[in-house]
1. Tell me whether the range B:106-113 contains one or more residues that are facing chain A (nearest Cβ under 8 Å) and either in contact with a strand residue (DSSP E or B) (Cβ under 6 Å, 6 or more places away or on another chain) or hydroxyl-bearing (Ser, Thr, Tyr) (or both).
2. Going by the structure shown, is residue A:151 within 27 Å of residue B:416 (Cα to Cα), more than 12 Å from chain B (Cβ to nearest Cβ), surrounded by fewer than 23 Cβ atoms within 10 Å (Cβ to Cβ) and touching a residue at least 60 places away in the same chain (Cβ under 8 Å)?
3. Residues B:378, B:368: which one is at pLDDT below 95, assigned to a helix (DSSP H, G or I) and touching a Leu at 6+ places or on another chain (Cβ under 9 Å)?
4. Being in a helix (DSSP H, G or I) and under 15 Å from residue A:79 (Cα atoms) is the filter here, so list the residues in the range A:139-154 that pass it.
5. Would you confirm, using the coordinates I've provided, whether residue B:67 is more than 7 Å from chain A (Cβ to nearest Cβ) and among the aliphatic types (A, V, I, L, M)?
6. Would you check if there is a residue in the range B:301-320 being assigned to a helix (DSSP H, G or I), within 23 Å of residue B:187 (Cα to Cα) and β-branched (Val, Ile, Thr)?
7. Only one of A:96, A:37 is outside any helix (DSSP H, G or I) and over 17 Å from residue B:115 (Cβ atoms). Can you tell me which?
8. Being touching a residue at least 60 places away in the same chain (Cβ under 8 Å), touching a Lys or Arg at 6+ places or on another chain (Cβ under 8 Å) and either closer than 30 Å to residue B:135 by Cα or assigned to a helix (DSSP H, G or I) (or both) narrows it down to one residue among A:124, A:32, A:84; which is it?
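The values are calculated or read from the model by the stated rules, or taken from the named source; none is laboratory data. Computed from a predicted model, the values in this text were never measured in an experiment. Glycine gets a Cβ as well: all are built from the backbone with ideal geometry, and neighbour counts include every protein chain shown.
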Amino acid sequence: MELTTVWFIAIAFLWTSYFFLEGFDFGVGMLLPVLGRGNVERRVVINTIGPVWDANEVWFIVAGAAIFAAFPEWYATLFSGFYLPLLAILLALIVRGVAFEYRGKRDDARWRSRWDKAIFWGSLVPAFLWGVVFANIVRGVPLDADHEFAGTLGDLFSPYALLGGLTTMILFVLHGAVFLALKTSGDIRERARLVAGIAAIGAVAAGGSFLLITQVEHGEPVTWLTAAGAAAGLVLAAVAIRRGREGWAFIGTGAAIVLAVATLFVALFPDVLPSTLVEAHSLTTDNASSSPYTLKIMTWTAAVFTPIVLVYQGWTYWVFRKRIGTDQIPRPKNEPVR
Amino acid sequence: MDTVDIARWQFGITTVYHFLFVPLTIGLSALVAGLETAWLRTGRTAYLRATKFWGKLFLINFAMGIVTGIVQEFQFGMNWSDYSRFVGDVFGAPLAIEGLLAFFVESTFLGLWIFGWDRLPKKIHLACIWLVAIGTQLSAFFILSANSWMQHPVGYRVDEETGRAVLTDFWAVLTNSTHLVAFPHTITAAFVTGGMFMAGVSAWHLARRKNVEVFRPSLRLALAVTAVASIGVAVTGDLQGKVMAEQQPMKMAAAEAIYETERPAGLSLLTIGTLDGDEELFGIKLPRVLSFLSTGSLDGEVEGINDVQAAEEARYGPGDYRPFVPAIYWNFRLMVGVGMITAFVSLAGLWLLRRGRLPSNPWVYRIGMASLTLPFIGNSAGWIFTEMGRQPWSVYGVMKTSASVSPSVTATSMLISVISLTALYAVLAVIEAGLMLKYAKAGPPSEDEVLPPPPDDDDPDRDSERSLAFAY
């Protein structure tokens, strides 16, 4: 296999991991005001992702940096062309990250309520905009002969892109609800299951239509399978959550995310950013890539270190595998100093 | 303002801001790891209380370093897309490897350290904070190899067909002579930053004679680390000066505001130039010192700005190859001056604390507290000096900053970006400083608070019902 193809797959893998992992973080953040009634419950909700959200977000940093290293032209065009949506994502992630760390640092209801809003919007904005960004990547954007973005901000918000945004948003709400049902006990768990049941319907509707359009417009024969698999994952999640099988439901939403992202990347290949103006202006794995030497170094590094990362990150989830309930949240007065 | 200016302002603001948090993260993570090690080896509760206290301040700072780092990773593509196209083959790899090797380690093991106090065996818990500390240094290593390549590009060729830089020798990039002096200089400066921070906060508590059993050992550790690291900063800084004089003579000349080549050259204590910046009006100099610092010989030649300008014009074609001399000259002095003061403060502090002493003069503590700010000033001045001193180049001798900016991004978009980021950073600075003050003043937890609660009964299932050791 050519190294450019290897790196296309590697980057697809990095984004898939990112959406799988931070997908439920975003969902948890968006559901914070819905599922957490009162401060103690909100703390339960936040602490389900407390030890892991930061490492989950690193997948985005590494995915972006891998695009820079393996496909510099793609990185340059994507980040300069999608300027304002990406700026909004960065601003949201900054606010959200600080919010998790600082929310509990003052015993003041107004202080907490502001950070709760920050967590909600800081999760919702990227959850929606990532769908917009990836819909545009698959559909293509106006690129000129120098591979520079030649469109306007409005071009990025086509109905198809908005549907993509809606899809990722609802999908992450569902993924987060299932994750919360899996990681909490008591009332929050019951409510999370209820929300998951409703979100599953929305996810099937939005995600189904988005993947269907993607398939018809840009699909390959094999993406019928991945798209259908994603839909099956959603159905599995919906059924399992009603029967109280939260582990199976999480496998279902996880599979839906993995297969949906796979559908997008297979539909995209061998382009990395198609031009809607002239096909010759499209960025492809070929004309956007780094030299074989750089790709070789990157391949060795990734081959050695990615499995190690997966092992120790997986171990973290094992260490913090227990469910959390309101009775385990330390009371403010005798809260141990970290 | 054109897009180059806006993009430069954004890079300057966001990078200097980001680098307020980075050196403190590097320095404090190792210091906290050292304190936890001391607790494990001696069993003394004071060390555990110190670990928890400094750990908390470390985390308040760490959060800001993380979130401001996200912008650093992506503004190359957003504002500097032509730069990214040109250098991606060389410059992207260290960034990606930094993420894969360092960021994952830092974020994962910090999560384990924060939440794992009662979930992990003590030694594993300790290993987590050491891994975080090592991760911060790995991160510094790779990102500085990328920056050093911009200062002194090696291990590449420019492809004739595409006009882009192509990596030919990754090992050469990692072992770039510029990098081998910039990396230890940055790391030792980070230890000075962490050390002075710990010293300043300890001084506040010791002036009030509060928690002396926690803050006296903290202060001694902090001052010892600062003193050793200060010497390291000076030695590596001196080596850097020699490398810089050879690789970027313009930066050296601007640092000293020497307009005409001198042999031997004196070290400028004060130079005032004409407003158009090509002539010296007035100066006070130490004879021959600059020659020695930049060449190692009392008789060495140091090139002047006007001569380097002529040489670079001959080499790269007509153009203005001078950086903004006053900024270079004064930031260089600020950096060196601050470094010398912190070295002195740390050595004086160690002397005053010798053999169990604890000075009573309140000015000793006031000076200690005030010195906390110095490394932050020195770090910022150092980076402003080294980055502005490279101008007009983004990659020295290869690509100009004016040719690096994104052609497809409008000035309006860039203004929205720099204004929103600056406003958000300003708000976060106030919040962060408020929290730092609150938790620095609050002092360490008491002995009772850090000791584990006695087990309720023998039923192991009860364990899961217990309160979490830490929760957001």
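1. Narrowing the range B:106-113 to residues facing chain A (nearest Cβ under 8 Å): B:107-112.
After this cut, where a residue has to be either in contact with a strand residue (DSSP E or B) (Cβ under 6 Å, 6 or more places away or on another chain) or hydroxyl-bearing (Ser, Thr, Tyr) (or both) as well, the list is B:107-108.
Yes.
2. Working: within 27 Å of residue B:416 (Cα to Cα): yes; more than 12 Å from chain B (Cβ to nearest Cβ): no; surrounded by fewer than 23 Cβ atoms within 10 Å (Cβ to Cβ): yes; touching a residue at least 60 places away in the same chain (Cβ under 8 Å): yes.
So residue A:151 fails the test.
3. Working: B:378 fails: at pLDDT below 95.
Unique residue meeting the criteria: B:368.
4. The initial filter retains those residues of the range A:139-154 that are in a helix (DSSP H, G or I), namely A:139, A:153-154.
Selection gives A:153 alone.
5. Working: more than 7 Å from chain A (Cβ to nearest Cβ): no; among the aliphatic types (A, V, I, L, M): yes.
So residue B:67 fails the test.
6. First pass over the range B:301-320, keeping only residues assigned to a helix (DSSP H, G or I): B:305-316.
Subsequent filtering for residues that are within 23 Å of residue B:187 (Cα to Cα) retains none.
No, the conditions are met nowhere in the range B:301-320.
7. Values: A:96 fails: outside any helix (DSSP H, G or I).
Every option except A:37 fails the conditions.
8. Numbers: A:124 fails: touching a Lys or Arg at 6+ places or on another chain (Cβ under 8 Å); A:84 fails: touching a Lys or Arg at 6+ places or on another chain (Cβ under 8 Å).
That would be A:32, the only listed residue that is touching a residue at least 60 places away in the same chain (Cβ under 8 Å), touching a Lys or Arg at 6+ places or on another chain (Cβ under 8 Å) and either closer than 30 Å to residue B:135 by Cα or assigned to a helix (DSSP H, G or I) (or both).
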